[in-house]
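Taking it in order: structure first as structure tokens, then the write-up.
Derivation of every value follows stated rules applied to the coordinates shown; laboratory data play no part. Source: prediction; values computed, not measured. So basically every Cβ, Gly included, is an ideal-geometry build from the backbone, and we count neighbours across all protein chains shown.
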Amino acid sequence: MYQPPHRPPSSPPLHHPVPQHPIPPMRSPPPVQQPQSLNSNPYIPQPGASGYGEGAGGAGQGRYGNLFNDTTAQVGLQVGRNAMLAGQEYVEQNFGKYFSVSMPTLKSYFNVSNSYVSRKLCLVLFPWRHKPWARQTKRSEVSGTIEGYRDPRDDINAPDMYIPVMAFTTYILLSSILAGIHGVFHPEILGYIASMAFAIVIFEILGLKLGCYLLSISNESQLLDLVAYSGYKFIGVILTMIAGSVMPGVLFKYIVFLYTFAANAFFLLRSLKYVVLPESTVNAATSMTTTQRQRQRRIQFLFMYSFLCQFVLMWLLIKS
């Protein structure tokens, strides 16, 4: 008996489900935040930021821009300015008469040339036949009146600061080198030598100022002149130290010391004459007697400083 082929049962038709609730709209995911750069500063207002950007510029300016427009702030600034000017005026009135040194005046002491330096060194070491010793004055081109003394570049008799400063520095370095040659150098020796030399110069200047005060000696640029003249002794001290290190024994060293001391003393005796012994224009009889007494005292003071004081100070510098 014929049987038909077996067929699988047919599946029922597919039916898509009908949603019972409305489907919400799809939204894109939030953007990934980039890491903050290292150069950005969270405390610096960024453009477009709330409160500090362009939209809030008026509020920021209103908060800080009117600081210097405030009446109270202006009064405070004016009071501070007046206090500073009053303090400056007080210092000039009370201390300017003791330390009346201006920057243009100080610069003139360093206005030197190579020719001046070489001639000045020869003058300090060989002053015996030098003439004249009077300083040259400069006059105004308009009125012809005297405006002071010429700079060292134009006058060999003018004191300068360049040679004393260089000699002071050379003395410190040379003392350290000689200490190293003799095997006794240590780092503290630089400070010791510099302090000793500086103390000697300060003591000398204070003694000069005291003597000038007691003898009623006044000069427009007296302080700077005395500082400059007190530094020329280091030239003789340096030569004496070199002579003692080059030649064996102490005889040659003492000969050089005595010569440089005598040359420095004679140089100071003639150079300081215009400071210690200014020309007197008084012609009255009574005033002339007083001036003559003062002149004798000033001559004695000048001799004591040029010979006795310089001998002691140069000896201390060599032994230190």
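Given the peptides 247-258, 177-188, arrange them by the average over their residues of other C-beta atoms within 10 Å, most packed first.
By packing density, highest mean first, the sequence is 247-258, 177-188.
As a test of the definition: which semi-axes, in Å, follow for the stretch 222-277 when you take the square root of five times each eigenvalue of its alpha carbon gyration tensor? Largest first, please.
They are 28, 11, 5 Å, listed from largest to smallest.
Using the alpha carbon gyration tensor of the stretch 116-247, what are the three equivalent-ellipsoid semi-axes (square root of 5 times each eigenvalue), largest first, in whole Å?
34, 19, 13
When the chain is fully extended, how far beyond the present Cα-Cα distance does Ile181 get from Ser140, taking 0.36 nm per residue of separation?
9.3 nm
Mind jotting down the distance between the C-alpha centroids of the stretch 168-242 and the stretch 257-273, whole Å?
The two parts, judged by their Cα centres, are 16 Å apart.
Setting aside same-chain residues fewer than 8 positions from Lys253, which lysines have a Cα under 22 Å from its Cα?
Cross-link targets: Lys233, Lys319.
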